[in-house]
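Notes follow once the structure below has been shown.
Taken together, the values in this text are just the output of simple stated rules run on the coordinates, not laboratory data. On a predicted model such as this, the values are computed, not experimentally measured, just so you know. We place every Cβ from the backbone using ideal geometry, glycine too, and count neighbours over all the protein chains shown.
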Amino acid sequence: SMTEDLTEIFAVVAEFKNEAPILMETEGRHTSRAAAFARRDRLLGESRCIRACVVQITADRFGGNDLLLHDMKRIQE
């Protein structure tokens with residue numbers, strides 16, 4: 001429903017050697033809390049990854065189309 005909690009959409013920010021931190025690209029089915037923490041842990045296991053953290057994706061109050069977040073939530077693993 002349109003009133004569902006959209007705060008359960010997550011991604012990973014990672015920093016690699018000789019690079020600035022980046023928000024890692026992900027598909028909706030990989031945006032659950034568990035999937036994001038698993039990805040963070042995998043990245044931290046790579047020697048080229050300096051640091052990584054899980055971030056929460058939320059809708060902003062300035063417009064935009066929140067249906068994107070509804071669809072990401074709908075197709076999570």
Farthest towards the positive end of the dipole of the chain, among Ala52, Val13, Gln76 and with Cβ unit charges of +1 on Lys and Arg and -1 on Asp and Glu, lies the Cα of Ala52
So, with +1 on the Cβ of K and R and -1 on the Cβ of D and E, and no other charges, what is the size of the charge dipole of the chain about its Cα centre, to the nearest 20 debye?
-> 280
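For the chain, what relative contact order do you get, as a whole percent, if you take Cα pairs closer than 8 Å and at least 6 residues apart? Write down the numbers at each step before the final one.
Numbers: 117 pairs, mean separation 33.1, N = 77.
Relative contact order, the chain: 43 percent.
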Ranked by GNM mean-square fluctuation in the chain (Cα springs under 10 Å), the top entry among Leu67, Leu44, Leu23 is Leu67
Would you grab the residues whose amide H sits under 5 Å from the one on Ile50? Only those 5+ places off in sequence or on another chain, please, with H modelled 1.01 Å from N.
-> Glu15, Phe16, Lys17
For Pro21, net neighbour charge (Lys/Arg +1, Asp/Glu -1) across residues whose Cβ lies under 9 Å away | -1
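Can you work out D for the chain in µm² s⁻¹ from Stokes-Einstein, where Rh is the Kirkwood radius over C-alpha pairs, the temperature is 37 °C and the viscosity is 0.692 mPa s? Spell out each step's value before the answer.
On the way: Rh = 13.2 Å.
After rounding, the answer is 248 µm²/s.
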With Cα springs under 10 Å, the Gaussian network model of the chain assigns the largest mean-square fluctuation among Arg48, Arg39, Arg29 to Arg48
